[in-house]
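**Q** Okay, here's the structure, questions in a sec.
The values are calculated or read from the model by the stated rules, or taken from the named source; none is laboratory data. Keep in mind that this is a model prediction, so the values were computed, not measured. A quick note on method: Cβ atoms are made from the backbone with ideal geometry, for glycine too, and the neighbour counts reach across all protein chains shown.
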Amino acid sequence: MEPYLQRTSPRIILHIDMDSFYASVEMQERPEIRGKPVVIGADPKNGKGRGVVATCSYEARAFGIRSAMPISQAFSLCPHAVFLPPDFSLYSRVSSEIMTCLRGYGFLFQQVSIDEAFLDLSPLGDFAAARIIAGQIKTVIRKNMGLSCSVGVAPTKIVAKIASDYQKPDGLTIVEAGQVPGFLAPLPVRKIPGIGKKSEQELHSVGIKTIGELAAYDVRRLIARFGRGGIALHEIALGIDESEVKERDGMKSVSRETTFEQDTDDLSTVVVVMDALVEDVHRDLSDEKLRFRTITVKIRYEGFVTKTRAKTLMHYTDSKCTLRSSAQDLLQGLWGGSRIRLIGLRVSALEKNDARQTTLDGSGSQYTFS
Ligand code: DCP
Ligand code: MG
């Protein structure tokens, strides 16, 4: 495309996110549980179980159940729900099929998590053509995989992502260039990707409830309050986002993180959660037949301060013991006794440990590519 055309025609970005992904895959595999409240996560042990909900069907959401909620709470909200442990290798396989299908359209493609991806439909030239492709994608995924998804199409990645969430489940939301301000303005700030409960509270405390109010807020005051993040936040609210759909050539890291329901300074709780992250990350590595050398632990304290500490081993390994002891050592090294909000574990410097496997397609929940 000529540079002149690139500058004048709006970009057309599609974001797709599968609906209640793990739960929908299970319902596809087991017809007998279709239409029921289905909760994927830790064993509820009759209400006494520890651990959290990974996701749940929309039927379960009607009872108030949500991702990351303690499983004991989910059980008390709906004891007759179907509770299932996650089957990560199954979800990983289905995700690969979906991503292969999306790649097949031939547009620039970027997978961002196990169940979401961007396509750059700009070469189509107009939103009417993009709407047709978006509809086709939804139909093909339903027909071939029996799964429903929600799609957003907009001139930027962030607006496309907000749009895909707008009419979940089974949504299709098109926001053309001129419609961006009107679309964003009434939405609560929580709809901005990355704005969680804490940031929402901070914005509310200065009287900002909607994205429109954020857009209208004096950027200098936002900077005074949120630092450089204030500029980024303001640009998002104005619909400014130049980030491009980036093709990735391979998996560079595997990571998991958990946000605590309530900030905690109880080291024993944090140690248990870190062990769960070790299990999850190690399971993903085994599924993909990968070894690692670098382990990074992240702690986010209340009030946004985030600290990371990393360790690189002399040799590649796939040992869960090594992963666990390194992760716990790094955690202890970072531990300052303050209340924390989130912990994360990432392994990077990866290599295949199975010479027969020749491709890494990078499907998986929190795989990052760079
Ligand atoms: N997931 C998880 N723990 C979380 C959030 C998500 O294990 N706290 C997993 C389970 C989800 C999958 O990642 O099925 C995709 O995450 P989404 O946020 O897209 O949630 P869903 O696809 O389940 O539901 P939605 O229809 O809201 O997209
Ligand atoms: Mg989803």
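**Q** Looking at this structure, is residue 183 modelled with pLDDT under 95, among the aromatic types (Phe, Trp, Tyr) and more than 16 Å from ligand 2 (Cβ to nearest atom)?
**A** No: the conditions fail for residue 183.
**Q** Counting only residues that are surrounded by fewer than 22 Cβ atoms within 10 Å (Cβ to Cβ), on the phi < 0 side of the Ramachandran plot and more than 9 Å from ligand 1 (Cβ to nearest atom), how many does the stretch 51-68 have?
**A** 3
**Q** Out of everything in the stretch 10-24 that is under 22 Å from residue 66 (Cα atoms) and surrounded by fewer than 23 Cβ atoms within 10 Å (Cβ to Cβ), what residue ends up being nearest to ligand 2 (Cβ to nearest atom)?
**A** 17
**Q** Of the residues 130, 81, 154, which is touching a residue at least 24 places away in the same chain (Cβ under 8 Å) and within 16 Å of ligand 1 (Cβ to nearest atom)?
**A** Among 130, 81, 154, only 81 is touching a residue at least 24 places away in the same chain (Cβ under 8 Å) and within 16 Å of ligand 1 (Cβ to nearest atom).
**Q** Of all residues in the stretch 103-116 being within 14 Å of ligand 2 (Cβ to nearest atom) and aliphatic (A, V, I, L, M), which is surrounded by the most Cβ atoms within 10 Å (Cβ to Cβ)?
**A** Within the stretch 103-116, the match that is surrounded by the most Cβ atoms within 10 Å (Cβ to Cβ) is 114.
**Q** Hey, can you tell me all the residues within the stretch 87-121 that are under 16 Å from the mean Cα position of the chain (by Cα) and charged (D, E, K, R)?
**A** 115, 116
**Q** With 309, 300 as the choices, which residue is in contact with a Leu (Cβ under 6 Å, 6 or more places away or on another chain), surrounded by fewer than 20 Cβ atoms within 10 Å (Cβ to Cβ) and charged (D, E, K, R)?
**A** Values: 300 fails: surrounded by fewer than 20 Cβ atoms within 10 Å (Cβ to Cβ).
Matching residue, one of 309, 300: 309.
**Q** Here is a follow-up. Looking only at the stretch 86-102, how many residues end up being in a helix (DSSP H, G or I) and surrounded by fewer than 16 Cβ atoms within 10 Å (Cβ to Cβ)?
**A** Step one: filter the stretch 86-102 for residues in a helix (DSSP H, G or I), giving 88-102.
Now drop any that are not surrounded by fewer than 16 Cβ atoms within 10 Å (Cβ to Cβ), which leaves 89-90, 93, 97, 100-101.
The number of residues fulfilling the criteria is 6.
**Q** Give the residues of the stretch 13-50 that are away from ligand 1 (no atom under 11 Å from the Cβ) and part of a helix (DSSP H, G or I), sorted by residue number.
**A** The answer is 27, 28, 29, 31, 32, 33, 45, 46, 47.
**Q** Taking the stretch 324-343, which residues are part of a helix (DSSP H, G or I) and polar (S, T, N, Q)? Steps first, answer last, please.
**A** Initially, the stretch 324-343 is screened for residues part of a helix (DSSP H, G or I), giving 324-334.
Listed by number, the residues that qualify are 325, 326, 328, 332.
**Q** Follow-up. Tally up the residues in the stretch 149-160 that are hydrophobic (A, V, I, L, M, F, W, C) and more than 16 Å from the chain's Cα centre (by Cα), please. Break it down into steps so the answer makes sense when it comes.
**A** Taking the stretch 149-160 and keeping what is hydrophobic (A, V, I, L, M, F, W, C), we get 149, 151, 153-154, 158-160.
With the extra rule that they be more than 16 Å from the chain's Cα centre (by Cα), the set shrinks to 153-154.
Residues meeting the conditions: 2.
**Q** Quick test for you: out of 194, 152, pick the one residue that is surrounded by fewer than 20 Cβ atoms within 10 Å (Cβ to Cβ) and either under 30 Å from residue 221 (Cα atoms) or modelled with pLDDT of 95 or more (or both). Break it down into steps so the answer makes sense when it comes.
**A** Numbers: 152 fails: surrounded by fewer than 20 Cβ atoms within 10 Å (Cβ to Cβ).
Testing whether each residue is surrounded by fewer than 20 Cβ atoms within 10 Å (Cβ to Cβ) and either under 30 Å from residue 221 (Cα atoms) or modelled with pLDDT of 95 or more (or both) leaves just 194.
**Q** Here is a follow-up. Applying the selection to the stretch 148-162, what residues are among the aliphatic types (A, V, I, L, M), within 16 Å of ligand 2 (Cβ to nearest atom) and closer than 12 Å to residue 118 by Cα?
**A** First, pick out the residues of the stretch 148-162 that are among the aliphatic types (A, V, I, L, M): 151, 153-154, 158-160, 162.
Subset that is within 16 Å of ligand 2 (Cβ to nearest atom): 151, 160, 162.
Residues satisfying the conditions are 151, 160.
**Q** Another question, then. Could you list all residues from the stretch 169-187 that are crowded, with 18+ Cβ neighbours inside 10 Å and in contact with a Ser or Thr (Cβ under 6 Å, 6 or more places away or on another chain)?
**A** 171
**Q** With the structure loaded, tell me whether residue 9 is in contact (Cβ under 8 Å) with a residue 12 or more places away in the chain and within 16 Å of ligand 1 (Cβ to nearest atom) or whether it fails that test.
**A** Working: in contact (Cβ under 8 Å) with a residue 12 or more places away in the chain: yes; within 16 Å of ligand 1 (Cβ to nearest atom): no.
Here the answer is no, as residue 9 does not meet what is asked.
**Q** Counting just the residues of the stretch 261-306 that are in a helix (DSSP H, G or I) and of a type in the set (Val, Ile, Thr), which one comes out nearest to residue 95 (Cα to Cα)? Step through it out loud before you land on a result.
**A** At the first step, the residues of the stretch 261-306 found to be in a helix (DSSP H, G or I) are 267-287.
Filter once more, so that each one left must be of a type in the set (Val, Ile, Thr): 269-273, 278, 281.
On the way: 269: 32, 270: 30, 271: 30, 272: 29, 273: 26, 278: 22, 281: 17 Å.
Out of the qualifying residues, it is 281.
**Q** Taking the stated definitions as given, is residue 76 in contact (Cβ under 8 Å) with a residue 24 or more places away in the chain, more than 16 Å from ligand 2 (Cβ to nearest atom) and of a type in the set (S, T, N, Q)? Give the derivation first.
**A** Working: in contact (Cβ under 8 Å) with a residue 24 or more places away in the chain: yes; more than 16 Å from ligand 2 (Cβ to nearest atom): yes; of a type in the set (S, T, N, Q): yes.
Answer is yes for this residue.
**Q** Can you find a residue in the stretch 139-148 that is within 18 Å of the chain's Cα centre (by Cα) and surrounded by 17 or more Cβ atoms within 10 Å (Cβ to Cβ)? Give the steps one after another, and end with the answer.
**A** Pass one, the stretch 139-148, residues within 18 Å of the chain's Cα centre (by Cα): 148.
Filter once more, keeping what is surrounded by 17 or more Cβ atoms within 10 Å (Cβ to Cβ): 148.
Scanning the stretch 139-148 turns up at least one residue that is within 18 Å of the chain's Cα centre (by Cα) and surrounded by 17 or more Cβ atoms within 10 Å (Cβ to Cβ).
**Q** A further question on this structure: Please identify the pairs in which a residue from the stretch 331-345 that is on the phi > 0 side of the Ramachandran plot and surrounded by fewer than 12 Cβ atoms within 10 Å (Cβ to Cβ) has its Cβ atom under 7 Å from the Cβ atom of a residue that is of a type in the set (S, T, N, Q) and assigned to a strand (DSSP E or B), counting only partners at least 6 apart or on another chain.
**A** Between residues of the stretch 331-345 that are on the phi > 0 side of the Ramachandran plot and surrounded by fewer than 12 Cβ atoms within 10 Å (Cβ to Cβ) and residues that are of a type in the set (S, T, N, Q) and assigned to a strand (DSSP E or B), there is no close pair.
**Q** Now for a separate question. When you go through 232, 163, 237, 185 one by one, which is the residue that is closer than 30 Å to residue 57 by Cα and under 23 Å from the mean Cα position of the chain (by Cα)? Step through it out loud before you land on a result.
**A** Working: 232 fails: closer than 30 Å to residue 57 by Cα; 237 fails: closer than 30 Å to residue 57 by Cα; 185 fails: under 23 Å from the mean Cα position of the chain (by Cα).
On inspection, the qualifying residue turns out to be 163.
**Q** Of (1) within 13 Å of ligand 1 (Cβ to nearest atom); (2) assigned to a strand (DSSP E or B), residue 161 satisfies all except one. Which?
**A** (2)
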